[in-house]
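A quick write-up on the structure given underneath.
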Amino acid sequence: MLALAGAPLGVRCLVVEPAAGAPAGVAAEVITAPYDDRAALEALARRCDVVTIEVEHVPVASLEWLAERVPVRPAPAVVAVGQDRLEEKRLFRRLGLPTAAFAEPGQLSGGFAAGTILKRRTGGFDGRGQARLDPTAPGEALAGATRGLGGPSVAEELVAFDRELSLLGARAADGTVATYPLVENRHRDGLLRETLAPADASPALTAAATESLVRVMEDLEHVGVMALELFEVDGRLLANEVAPRVHNSGHWTIEGAATSQFEQHLRAVLGWPLGDPSVVAPAAMVNVIGTEPDGSAILAVPGAHLHRYGKAERPHRKIGHVTVLGADERQRDERLESIRQLLAGS
Ligand SMILES: Nc1ncnc2c1ncn2[C@@H]1O[C@H](COP(=O)(O)OP(=O)(O)OP(=O)(O)O)[C@@H](O)[C@H]1O
Ligand SMILES: [Mg+2]
């Protein structure tokens, strides 16, 4: 989607992707190689003006090697923070952003009173690398679940949140910042299902989230798009995670905002002025998970836009998304309901 956004701007992308058949192949030249493949990294260093990431789990050592040869944005140290849940939480704490209670499992004798969610410090996504424990689970269960995750983890208190929100923004190389509105995210089985943009939120809530995101971007001297995932509890916001990259909860911006998150990220990392982040119409994004839907039925819904990634069908895998726009929230919600029904099997 970055490569697609770059095409009309004359930005040509060279993509390194370990898995064969990378979706980027429709719009970019692809090198199929592991992220630490020396020849692939040399090609990036030799041929690119700037290197960026679209997924988080790229070895920091590869980015550091590249950064000695070509500008890498965001900086490898920023990517490193986004890869490690404990470092993210330490950052939130240092910047005064409230989070769910957390601890390193070794420091806990039992779980949290409200229940515990264990998360691998690195490598988790879409709810993978996590385990949940009841408040009544004995200490041994915590120890067993920790071992089961197969790597260092963080223990978090389970939060009975009212809803999940996220805020995306971008910071340019010259420090200019542009932020999108707060959006509402609905998850199931640890996987993002729907994003509603903008969220039905007070200006004060949006201002609080925006202030938090800007504080993180400025502290890290981030360059590019960044997403801050939040829980809303009784009108308060808890920071969950930060992603120094384009984000699934920003896919609606392709049709729903004046500048998509993908174009915005390219503008930022290329040292260009940021674009207008304002909303053009109320939008909803629904992920296509596991199986391909009936595309023509979706396209028959007014205001619907279908994005197919060309990925093989597999349970629990995001293989596309649909964004639907409406003239107002009511129309958007009606159309969203039609899309939900068409995607019900996926
Ligand atoms: N402390 C918590 N209390 C309650 N629910 C939680 C908590 N932490 C995570 N969850 C739920 O699990 C989902 C996935 O967790 P999280 O975002 O931390 O991990 P992830 O697998 O890395 O997700 P992503 O796909 O966003 O990278 C959250 O969106 C939320 O629905
Ligand atoms: Mg998340």
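Of the residues making up the stretch 87-97, those that are aliphatic (A, V, I, L, M) and surrounded by 17 or more Cβ atoms within 10 Å (Cβ to Cβ) are Leu91, Leu97.
Rundown of residues vs (1) under 24 Å from Arg171 (Cα atoms); (2) within 16 Å of ligand 2 (Cβ to nearest atom); (3) touching a helix residue (DSSP H, G or I) at 6+ places or on another chain (Cβ under 6 Å), yes/no style:
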position	(1), (2), (3)
Ala197	yes, no, yes
Leu205	yes, no, no
Met217	yes, no, no
Thr253	yes, no, yes
Leu266	yes, no, yes
Val286	no, no, yes
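Annotation note: of Ala114, Ala131, the sole residue that is under 19 Å from Ala239 (Cα atoms), surrounded by fewer than 20 Cβ atoms within 10 Å (Cβ to Cβ) and within 16 Å of ligand 1 (Cβ to nearest atom) is Ala114. Applying the criterion of being within 15 Å of ligand 2 (Cβ to nearest atom) and assigned to a loop (DSSP other than H, G, I, E, B) to the residues of the stretch 124-139, the residue that is modelled with the highest pLDDT is Gly129.
Within the stretch 296-340, being polar (S, T, N, Q) and in a helix (DSSP H, G or I) holds for Ser296, Gln331, Ser338.
Selection of the stretch 212-245 for residues being among the acidic types (Asp, Glu) and in contact with a strand residue (DSSP E or B) (Cβ under 7 Å, 6 or more places away or on another chain) yields Glu229, Glu232, Glu241. Counting the residues of the stretch 143-174 that are away from ligand 2 (no atom under 16 Å from the Cβ), basic (Lys, Arg) and closer than 25 Å to His247 by Cα gives 1.
The residues listed here are Glu68, Glu104; of these, the one that is touching a residue at least 40 places away in the same chain (Cβ under 8 Å), over 18 Å from the mean Cα position of the chain (by Cα), surrounded by fewer than 17 Cβ atoms within 10 Å (Cβ to Cβ) and more than 14 Å from ligand 1 (Cβ to nearest atom) is Glu104.
Could you list, in sequence order, all residues of the stretch 196-239 that are more than 21 Å from Ile254 (Cα to Cα), assigned to a strand (DSSP E or B) and either among the aliphatic types (A, V, I, L, M) or modelled with pLDDT under 95 (or both)? Those that are more than 21 Å from Ile254 (Cα to Cα), assigned to a strand (DSSP E or B) and either among the aliphatic types (A, V, I, L, M) or modelled with pLDDT under 95 (or both): Leu230, Val233, Leu237, Leu238, Ala239.
Note on the stretch 145-165: residues that are more than 9 Å from ligand 1 (Cβ to nearest atom) and touching a residue at least 40 places away in the same chain (Cβ under 8 Å) amount to 8.
The values are calculated or read from the model by the stated rules, or taken from the named source; none is laboratory data. Remember, it's a predicted structure, so these values are computed and weren't measured experimentally. FYI the Cβ positions are ideal-geometry reconstructions off the backbone, even for glycines, and counts take in every protein chain you see.
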